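Accompanying notes for the structure given below.
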Amino acid sequence: KSLECTKEGFRNYMKNRPDPPKEEILGPISHAYFHAGSKDDLRLAEKYMNKALEIEPEQHEALQTKVHLLIEGKKWQEVLDVCEMALNNDDENEFFIAYQADAHIELKDPTEAYDSITRLLAIDSSDKDYWFLLARYYALIGKNEEAIDKLIVGIHLGLELKEETINDSLFNEIRTMPGYERLLKLQDDIFMP
């Protein structure tokens, strides 16, 4: 009897609850469509993103979708613009700081990249992806031994040298170094003991 009363009370609560604002629905829908990945899904992601941003220009998930779509088009300066806007509201948002760092690396701006990466590591030094960004930074400035050291930390935190990592042009020189072979062996030892 108690369970039935609880269920009925929950149903009534849900019926009487106001619908969330439209942009709070459209933004997450756009982000979900982006990650679905087909061309049709990307079109829908952009459609819902635009609708959400018309209503609320700083809607979080819609801005995430925008960053993803800009990265697909390699529009790095625009990625920085969106990240800056988003970070004005939440200066510790790791998603936007990470893509800001990535954009600075792609635009060959090591000083700004380093600033973004150190902010990320101050927020969470246990995130393997932030160590990978730091390795990319060191590869960008030509400090290959330091890049390998940062990849080692990343591997210990769970980073796998995926295909995009191996094909990253910043690591072209590193792949010819003896330390890189050691890195691959370490990865195998950790993930396939």
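The values are calculated or read from the model by the stated rules, or taken from the named source; none is laboratory data. What you are looking at is a predicted structure, and each value in this text was computed from that prediction instead of being measured. Heads up, the Cβs are rebuilt from the backbone with ideal geometry, glycines too, and the neighbour counts pull from every protein chain shown. The protein model used for the area step is the full one, side chains on, heavy atoms only, and it has no ligands, DNA or RNA in it. Shrake-Rupley method; radii C 1.70, N 1.55, O 1.52, S 1.80 Å.
Overview of values
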item	result
Residue within segment 30-39 that is in contact with a Cys (Cβ under 9 Å, 6 or more places away or on another chain), under 30 Å from LEU121 (Cβ atoms) and in a helix (DSSP H, G or I) present	no
PRO57 being outside any helix (DSSP H, G or I), open to solvent by 70 Å² or more (accessible area, probe 1.4 Å) and either at pLDDT 90 or above or not charged (D, E, K, R) (or both)	yes
From the options ASP102, ASP91, residue that is over 21 Å from GLU46 (Cα atoms), assigned to a helix (DSSP H, G or I) and of a type in the set (Asp, Glu)	ASP102
Within segment 105-149, considering residues that are of a type in the set (Lys, Arg) and under 15 Å from PHE95 (Cα atoms), the one surrounded by the most Cβ atoms within 10 Å (Cβ to Cβ)	ARG119
Residue in segment 145-158 that is closer than 27 Å to ASP81 by Cα and outside any helix (DSSP H, G or I) present	no
Subset of segment 124-133 [among the hydrophobic types (A, V, I, L, M, F, W, C) and closer than 19 Å to LEU80 by Cβ]	LEU133
